[in-house]
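Working notes for the structure below.
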Amino acid sequence: MDDAAKKTALRMIPYGLYVLTAEGGDGAVAAATVNWATQASFAPPLVALGVKADSGVHATIKEAGVFALNFLGKDQQGAAFTFFKPLERDGDSIGGEAFEKGPAGAPLLLSCPAWVECKLAETVENGDHSIFVGEVTGAGVRTEPEGRADDATLWLKDLGDTVFYGG
């Protein structure tokens, strides 16, 4: 296989940016910026995520069995960069971002325009990232989008020409 062609081709997949959150049994909150996420089913509503297998958020989701996908708005580039690195909970905030617990217990970032809370339905472990399939059990919109909903969210390409993931 031509590795350069593979890398370029895979980087042509468009990615949104989200903050994935979960709370462990000890009260520790794990959060990470992720971009390998997609809706996977209408009925039941499912999302599928690729999560780095050796990350803290991966371990916390497996333990908790619930997680939230917090949708970043176009103006939240700073938050995207904040959650690229591991952070610790500080009361009801993480990385300077306030959160509340969702109905199933996952942390929901108050600054994000929308969120979905999911119950872990399936895990595929094959490679350096696991695929988590979550059944959407709750959803909320804090800021109604103007125009197309997908135009209101932050995309990886919005972070500039030097930020890539994939390939």
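Below are the figures for this structure:
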item: Ascending count of other beta-carbon atoms within 10 Å, so fewest first, for E146, E135; result: E146, E135
item: Charge context of S93, other residues only, Cβ under 15 angstrom, K/R +1, D/E -1; result: -4
item: Two-decimal ratio, segment 3-159, of alpha-carbon radius of gyration to 2.2 N^0.38 Å; result: 0.99
item: Under 17 Å from the D161 label point (7 Å along Cα→beta-carbon), backbone N, segment 14-47; result: none
item: A104 long-range amide H proximity, modeled H, under 5 Å; result: none
item: Net lengthening on full extension, Q39/V124 (0.36 nm per residue, minus Cα-Cα); result: 29.0 nm
item: Amide H contacts under 5 Å for T137, placed H, 5+ residues apart; result: E117, C118, K119
item: Potential extension, I131-E146 segment - 0.36 nm per residue separation minus Cα distance; result: 2.2 nm
item: Backbone HN-Hα couplings from phi across segment 144-149 [Karplus 6.51/-1.76/1.60, Hz, Gly and Pro as x]; result: 5, x, 9, x, 5, 4
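Coordinate-derived values only; no laboratory data. Note that the structure is predicted; figures quoted are calculated from it, not measured. Here Cβ is always computed from backbone atoms with ideal geometry, including for glycine, and neighbour counts include all displayed protein chains.
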